[in-house]
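The values are calculated or read from the model by the stated rules, or taken from the named source; none is laboratory data. Worth saying up front: this structure is predicted, and the values here are computed from it rather than measured. Heads up, the Cβs are rebuilt from the backbone with ideal geometry, glycines too, and the neighbour counts pull from every protein chain shown. Areas reflect the complete protein model, heavy atoms only, side chains present, ligands, DNA and RNA absent. Shrake-Rupley method; radii C 1.70, N 1.55, O 1.52, S 1.80 Å.
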Amino acid sequence: MESEANKILDEVTQGDYKYGFVTDIDTEFAPIGLSEDTVRYISLKKNEPEFLLEFRLKAYRHWLTMTRPKWAHLDIEPIDFQKIIFYAAPKKKKELTSLDEVDPELLATFNKLGISLDEQKKLAGVAGVAVDAVIDSVSVKTTFSETLSKHGIIFCSFSEAVQNHPELVRQYMGSVVPYTDNYFAALNSAVFSDGSFCFIPKGVRCPMELSTYFRINAANTGQFERTLIVAEEGAYVSYMEGCTAPQRDENQLHAAIVEIVAMKDAEVKYSTVQNWYPGDKNGLGGIYNFVTKRGICKGSNSKISWTQVETGSAITWKYPSCILLGDNSVGEFYSVAVTNNHQQADTGTKMMHLGKNTRSTIISKGISAGKSNNSYRGLVRISKNALNSRNYSQCDSLLLGAGCGAHTYPYIQVDNKSSIVEHEATTSKISEDQLFYCQQRGISAESAIGLIVNGYAREVLKQLPMEFAVEAQKLLSISLEGSVG
Amino acid sequence: MLLSIRNLHASIHGKEILKGVSLDVNKGEVHAIMGPNGTGKSTLASVIAGREVFDVTSGEILYQGRDLGKLSIEDRAREGIFLGFQYPVEIPGVSITNFMRTAVNEVRKYKGLDPLPGGEFLRLMEEKKKLVEITSNLTNRSVNEGFSGGEKKKNEIFQMAMLEPTLAILDETDSGLDIDALRIVANGVNKLRRPDNAFLVITHYQRLLDYIVPDFVHVLFEGKIVKSGGKELAFELEEKGYDWIKKEQV
Ligand SMILES: Nc1ncnc2c1ncn2[C@@H]1O[C@H](COP(=O)(O)OP(=O)(O)O)[C@@H](O)[C@H]1O
Ligand SMILES: [Mg+2]
C-alpha cells in the first residue's frame, strides 16, 4: 500500500526547471579568483568612497582568518574560491536614463521570467510593483524610483545608494549583520556587488510592493548581493525578493546579506520566493545558496515579518532572523522549504528576544521528496530582561517518498520566568487514502499532490502578497511535479 | 447495461476478499448491497473505483461496455463513476471550494470542455449546497477537517451532486447519521435519481432503504453475493438478522 503511494509520488516528483535558459549578453568580468586585488577591483569598478573600500578590506582580511563552517545535515563539496569569478556585469554603452536604453536582451530575459520592467505596463494593471532587477553582479534597472521619491522613499540599487546616499549606507550597512558574523557574511562584505537599497522615511506607508529580482546569468560566477532596508519611525513597507539561474552542470555560489532595520512603530514585511537552479535529477549542478538575513526591531512596537518559499538551490543555508530589541516588538518567520531529488536545505530562524513583552511566531513547513534532505534549525532565545515575552513555534515536515529525510533542530533558551515558549512539531506523509480520494474525484495524481502540498503550506502562503502568492503556489506544484512547464 | 460485474475475484496482500462477485446494473436502477461487517462491501466499491492496493485476480468489470481494468482511477471518475466514501479522508488546508473546482475542471478538461468560469462555478455550488441543506460556510473549510460525521456524509453527497455521476456508489452513507441527517442525505440522493444514472447503495442496516427505496437488494457474504431479491429482502434481513444468512450458508 505504501509502496503504491511511493511509486505515484516518485513518478510525479520528477519536475523540470523551466528557468534554466542562458542569455547571450556582453559581460565584463573581474579576473578569476579571490585576493585583495579582486576586492580593490570591485570597489574601483563601482567608484566607491574610501570608507567602503576600507570596510571591504577589513571584511576580506577577517574572512582569511575564518574556516568554512561544518553542518550536520549538509553534504558540501569544498568550494575553490580561486575558480570563481567574483564580479560579472552586463556591459553597458552609456548611463541609462530610460528603459529604451536597457539592452533589449536583458529586457527580454526579464520578460521571459515574467518580470516587467516597463512601468507603463504595470501602471495599467492594479496596484503596481516597483522592481529592482539585478543580473549577475549589478542592478540593471529599478522601476518607479521617481514615483516613490515623491513620498520620500528611496528605492534604488545598492550601488546607486552608495553614490547618492553614502551617509545612510555608512550608518546602517553592517549594523545588523557585521562582517565578523559568519564565514559567508564576511565573504559577502568583502566582495558584494550590488543589491537593493530601500529607505522609508518617518510616518510613510509605502504605497506599493517593492521587489528585487535576482538573476544569475554568467557561468562560473558567484553572486554576492546585499540588501538594506530601513524603515523609520511609523513607516511600513512590504518587500519581495525573487531569484532564478540558468541550468548548468557546475555548482554556482550565491552568498547574500539582507539587513533590515525597523524603528519605533515601523513594520517591514519581507517575502522571498527562492527558485535558484536546484541541479538536475542526479544532483549535478545547482546553486549553493548561503544567505545571512537578519532584521532588528530597534524601536518599541516595531515588527519584522519574514516569509519565505524555498524551492530552488542545490544547497540552501539560511536563517532569516529577528533581534527584538524594542519593547513590545514582534518577529515572525513563515517558511515553506521544498527539497526534491538531491537538494539539501538547512533553514530556519533565530528569534532573539531582548525587549520586554516581545513576541515571535515561527511557522515552518518542510516538504521533502526524492533523495533530498530538509532540516529546520531554529533558535529562540529569551534574555533575562525580555520579561513577559512569548514565542510560538510550529515545525511540520511532510515526506513524499521513502528516500528523503526531514530533521528538526529547535534550540530554546529562556532566561527569565515570566516568558512562555511553545513548540510543536509534526511529521506526516501524503497517504494513499488522500491520493485515492482526490483521484476518485477525477483529479490526477499530479494535481492531487500539488493540491495537498499547497494545502499543507497554506498557513505560510497566505502571508505572501497577492502578487507573489499565485506564483508561489504554482512553483510549489511545479517543484514536485513533472507535467507542468 | 451500465455495469456488469462477472465472477470478480479480488485480493489484498495475497488475501482473497472478493470470491466471485457477479452483478448487473442498468441505468435508472437503485441496487442495495447489504451484508455483515468485514464481508467485502467496501472492497467491492474500491475495486470498481480502481483502488490500486487491491489486485483483481480474475473476472472483469464492464462499465458502459468497456473493460474498467484498463482505466486509471481518475479516468473512471471522469467517465462518471463516483464513490461516496465510508470514511472520507481529511485534506488539511484545501478548501472544499478549491477541491471541487479542481475536480470539476479536470473532469471538464477530460471531456474537452473549458474550465468553468469562477462565477458560474460558485453559482453551481450554491445550487448543489441547497440540495443537501448545507447552509453554513462549510465549503470554505478544509476538506473533511474537523467535520462531524453528518457533515462528512453531507459533503460526500454534495460532491456527488457537483459531479453528476452516471454510476454512484454510496458506501455506508447512513452510518453514524442521526435521523435528521439521514433524511437530508437520502433526500439529496433521491433528487439526483434519473433515468440515465444508477446507484449502488451499500448499507449495513435496512433503515436507509426506507428513504432510498431500492429496485434490487443483494446480500454480500464472505466475498460472494449469496442472495438477491426485491426491496422485501431488506425487511426479511432486518427481521431475521444476518445470522439467518450465515446459517443458510452452512
Ligand atoms: N487495506 C486493507 N488491508 C488489509 N485488509 C483489508 C484492507 N481493507 C480491507 N481489508 C480486509 O478485507 C475484508 C473486507 O473488508 P471490507 O471490504 O472493508 O468489508 P465491509 O465493507 O463489508 O465491512 C476485511 O477482512 C478487512 O479486514
Ligand atoms: Mg465497509
*Looking at the range A:277-320, which of the residues that are without any contact (Cβ under 8 Å) to a residue 40 or more places away in the chain and in contact with a Leu (Cβ under 9 Å, 6 or more places away or on another chain) is most open to solvent (accessible area, probe 1.4 Å)?*
A:LYS298
*Mind telling me which of the residues A:ILE367, A:ILE430 ends up being at pLDDT below 90 and more than 27 Å from the chain's Cα centre (by Cα)?*
A:ILE430
*asked:* Restricting to the range A:35-72, count the residues that are open to solvent by 60 Å² or more (accessible area, probe 1.4 Å) and part of a loop (DSSP other than H, G, I, E, B).
replied: 6
_Let me spell it out: the conditions are (1) open to solvent by 40 Å² or more (accessible area, probe 1.4 Å); (2) part of a strand (DSSP E or B), and B:ARG183 meets all of them except one. Which number is the exception?_
(2)
*Filter pass, B:LYS129 being among the basic types (Lys, Arg) and under 17 Å from the mean Cα position of the chain (by Cα)*: no
*Residues B:ASP55, B:ASP67: which one is more than 13 Å from the chain's Cα centre (by Cα), within 14 Å of chain A (Cβ to nearest Cβ) and of a type outside the set (S, T, N, Q)?*
B:ASP55
*Going by the conditions given, is A:GLU446 closer than 21 Å to B:GLN159 by Cα, surrounded by fewer than 21 Cβ atoms within 10 Å (Cβ to Cβ) and more than 9 Å from every other protein chain (Cβ to nearest Cβ)?*
yes
*Looking at the range B:26-33, is at least one residue open to solvent by 30 Å² or more (accessible area, probe 1.4 Å), more than 8 Å from chain A (Cβ to nearest Cβ), in contact with a helix residue (DSSP H, G or I) (Cβ under 7 Å, 6 or more places away or on another chain) and away from ligand 2 (no atom under 16 Å from the Cβ)?*
no
*Which of the residues belonging to the range B:179-206 are of a type outside the set (D, E, K, R), modelled with pLDDT of 90 or more and more than 23 Å from B:THR135 (Cα to Cα)?*
B:PRO195, B:ASN197, B:ALA198, B:PHE199, B:LEU200, B:VAL201, B:ILE202, B:THR203
*Tell me which residues, restricted to the range A:280-301, are farther than 18 Å from A:LEU228 by Cα and out of contact with any Ser or Thr (no Cβ under 8 Å at 6 or more places or on another chain).*
A:ASP280, A:LYS281, A:ASN282, A:GLY283, A:LEU284, A:GLY285
*asked:* Regarding the range B:134-149, can at least one residue be identified that is open to solvent by 70 Å² or more (accessible area, probe 1.4 Å), in a helix (DSSP H, G or I), away from ligand 1 (no atom under 16 Å from the Cβ) and within 14 Å of chain A (Cβ to nearest Cβ)?
replied: yes
*Verdict on A:ARG458 being under 27 Å from the mean Cα position of the chain (by Cα), of a type in the set (Lys, Arg) and facing chain B (nearest Cβ under 7 Å)*: yes
*Hey, B:SER175 hits all of (1) within 16 Å of ligand 2 (Cβ to nearest atom); (2) buried (at least 21 other Cβ atoms within 10 Å of the Cβ) but one; which does it fall short on?*
(2)
_Scope the range B:139-161; condition within 19 Å of B:GLY188 (Cα to Cα) and of a type in the set (Gly, Ala, Ser); matching residues_ = B:SER148, B:GLY149, B:GLY150, B:ALA161
*asked:* Given the options B:GLU106, B:GLU79, B:GLU60, B:GLU90, name the one that is open to solvent by 60 Å² or more (accessible area, probe 1.4 Å) and either within 14 Å of chain A (Cβ to nearest Cβ) or within 16 Å of ligand 2 (Cβ to nearest atom) (or both).
replied: B:GLU90
*Residue identified as closer than 26 Å to B:GLY38 by Cβ, touching a strand residue (DSSP E or B) at 6+ places or on another chain (Cβ under 8 Å) and more than 16 Å from ligand 1 (Cβ to nearest atom) among B:PHE216, B:PHE235*: B:PHE216
*Mind listing whichever residues of the range B:226-240 are open to solvent by 40 Å² or more (accessible area, probe 1.4 Å) and in a strand (DSSP E or B)?*
B:VAL226, B:LYS227, B:SER228
*Subset of the range A:397-439 (residues that are in contact with a Phe, Trp or Tyr (Cβ under 7 Å, 6 or more places away or on another chain), surrounded by fewer than 16 Cβ atoms within 10 Å (Cβ to Cβ) and within 14 Å of chain B (Cβ to nearest Cβ))*: none
